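Nothing in this text is a laboratory measurement; each read-out follows from the coordinates by a stated rule. Since this is a predicted model, take the numbers as computed values, not measurements. All Cβ positions, even for glycine, are placed from backbone atoms using ideal geometry, and neighbour counts span all protein chains on display.
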Amino acid sequence: MVDSWANATMTTLMPVREMERAIAFYTKKLGAKVMFRGGGEMKDNWASLRLGREEFWLITASKPERRTLAYQAFLVRDIRRTVAGLGRKGVKFERGSKGSPQSRVEGPLTIEPFGISAFFKDSEGNLLMVWQNDPPM
């Protein structure tokens, strides 16, 4: 028997408080597409969205969950262009911060020898990151 685990795919579950608000943020500001949304009583509990090639799920919990440091990262080729474009759509980025002596901060960008990051929050307060590998230093 072949182990099906080797062929598994992975998705991210993003907790939300208000499904309509979260769907509006991800579709209008980030350009995601709604793939499926729960019906009936599940309408405000679960939605599947696609952004680029990746699918992720918005979920509402029946009771508040303790948050841990986990966040969605969007891998891009040109972070400066991406951040500027999202900014024009109303996405507010946090100021970059030095993570090491080699770090350089340019507004919302933190430039490291191995990549560039920029952080923002969605409509529900979830921390999201835009990432570009191997920047020119």
Rounded to a whole number, what is D in µm²/s for the stretch 72-133 from Stokes-Einstein with the Kirkwood radius over alpha-carbon pairs (4 °C, 1.567 mPa s)?
-> 111
Starting from the Cα of residue 112, step 7 Å along the direction of its Cβ; do the same at residue 20; then give the gap between the two resulting points in nm.
-> 4.0
Once the mean of 1/r over all distinct C-alpha pairs in the stretch 4-59 is inverted, the Kirkwood radius in Å reads 11.8
Difference of contour (0.36 nm per residue) and Cα-Cα distance, residue 127 to residue 28 | 33.9 nm
Computed FRET value (nearest 0.05) for residue 84 with residue 41, which takes r as the C-beta separation and R₀ as 41 Å | 0.50
Gain upon complete extension [residue 51, residue 13; 0.36 nm per residue less C-alpha separation] | 12.3 nm
